[in-house]
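Worksheet for the structure shown next.
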Amino acid sequence: MSANRLPLAGVLGWPIAHSRSPRLHRHWLARYGIEGDYITLGVEPRDFEAAFRALPLLGFRGVNVTIPHKETVLRLATKVSDRAALIGAANTITFREDGSIYADNTDGYGFLENLRAGAAGWKASEGPALVLGAGGASRAIISALLSDGAPEIRLANRTRSRAEFLAGEFGGRVKVVDWLHIEDALDGVATVVNTTSLGMTGQPPLQISLKRAPKTALVNDIVYSPLMTPLLEEAQSRRMRWVDGIGMLLHQGRPGFEAWFGVAPEVDADLRAAVLAE
Ligand code: ATR
């Protein structure tokens, strides 16, 4: 690493064309007057290790990694945060001055910060959470909810065996509920989260009635394209509290930006608009 070079960061994935992370980090670079760049790097799985190992030599302070590299990268790290180890995947890598490679997972942090920022006073410990979906996003979110004190997670997934596998990783606090009778699992919940791709542009809507949920429950969808998903429309029509999904992306980027560029960046309306712009 050399002080004479512009600090660089970026995102590695395959395919990668649609990542919004460059907009996020470039907005912050401009806002804080930092001369540096954040670059999109399409890297195929077979080239990942060679490309990754070259990054510090090229001036990269760190990178985000996304699908399909989030698990592979753990092998190449010299230090893995507890939350990344627990989830078995990392999204934020820092190449430190001493040559070490630190792998962290900030997805759960981004999820919690988004809910805290969007619904003042919300805490996972308020009551049970219903989580829909059992993919990688769900794993990070369940882990975050449990670490924030959720007393119980009810987990529903179209493919029940995937939900059972995931629940097994977390022990007794995660209970699998039936995908075809999701509404039965709404009694007494404090939080409802959609982590499936249902409701995303081009996908079928998530059709669920929130009638049986307490009026005080907080509803969140990690889908942010469109921002106002069918699930959030349903929450709004029942005058429930809801938080959209874009903030999870914005907040998950903060620890990386701070580690790479030395400024703790703010999430605000300007950033939201910049990242959402067509
Ligand atoms: P991610 O890493 O973003 O969580 P993923 O691992 O592909 O992505 O998981 C996608 C989630 O959306 C899964 O829970 C998936 O359900 P299955 O495990 O049954 O595949 C869910 N999902 C995707 N399309 C769906 C659909 N049409 N109906 C119900 N669930 C769907």
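Points to keep in mind about this one:
- Extension reserve of the Leu276-Arg173 stretch, reckoned as 0.36 nm per residue once the Cα distance is removed: 33.5 nm
- DSSP finds beta bridges in the chain, and of those with both partners inside it, around 20 percent are antiparallel.
- Report summary: the helix-based calculation at 222 nm, which adds -39500 (n - 2.57) for every DSSP H run with n ≥ 4 and divides by the residues of the chain, gives -9500 deg cm²/dmol.
- For the range 218-278, the list of trypsin sites (Lys or Arg not before Pro) that fall in a loop by DSSP and count at most 12 other C-beta atoms within 10 angstrom reads Arg239.
- Amide hydrogen proximity for Glu152: with H placed 1.01 Å from N in the peptide plane, the residues at 5 or more positions away or on another chain lying under 5 Å are Ala129.
- For Arg212 and Arg46, a Förster radius of 51 Å and the Cβ-Cβ distance give a FRET efficiency of 0.55, rounded to the nearest 0.05.
- Label sites at Ile67 and Thr159, each approximated as a point 7 angstrom past Cα along Cα to Cβ, lie 1.2 nm apart.
- Mean-square fluctuations from a GNM of the chain, with a 10 angstrom spring cutoff on Cα atoms, peak among Ala50, Ala150, Ala117 at Ala50.
- Mean separation of Cα contacts under 8 Å, 6 or more apart, over the residue count of the chain: relative contact order %: 17 percent
- The range 1-140 shape via C-alpha gyration tensor axes, a/c threshold 1.5: prolate
- Each residue in Leu12, Leu210, Leu76 was given a count of other beta-carbon atoms within 10 angstrom of its own, and listing them fewest first yields Leu76, Leu210, Leu12.
- Loop-located chymotrypsin sites (Phe, Trp or Tyr not before Pro) across the range 1-107 with a Cβ neighbour count of 12 or fewer within 10 Å are lacking, with loop assigned by DSSP.
- Expressed per residue, the C-alpha convex hull volume of the chain stands at 128 Å³.
- Here the range 94-187 carries DSSP beta bridges of which approximately 20% are antiparallel, counting only pairs with both residues inside.
- The translational diffusion coefficient of the range 64-170, from Stokes-Einstein at 25 °C and 0.890 mPa s with a Kirkwood hydrodynamic radius over alpha carbon pairs, comes to 167 µm²/s.
Any read-out appearing in this document is the output of simple, stated calculations on the displayed coordinates, not a laboratory observation. Note that the structure is predicted; figures quoted are calculated from it, not measured. Backbone-built Cβ (ideal geometry, glycine too); neighbour counts: all protein chains shown.
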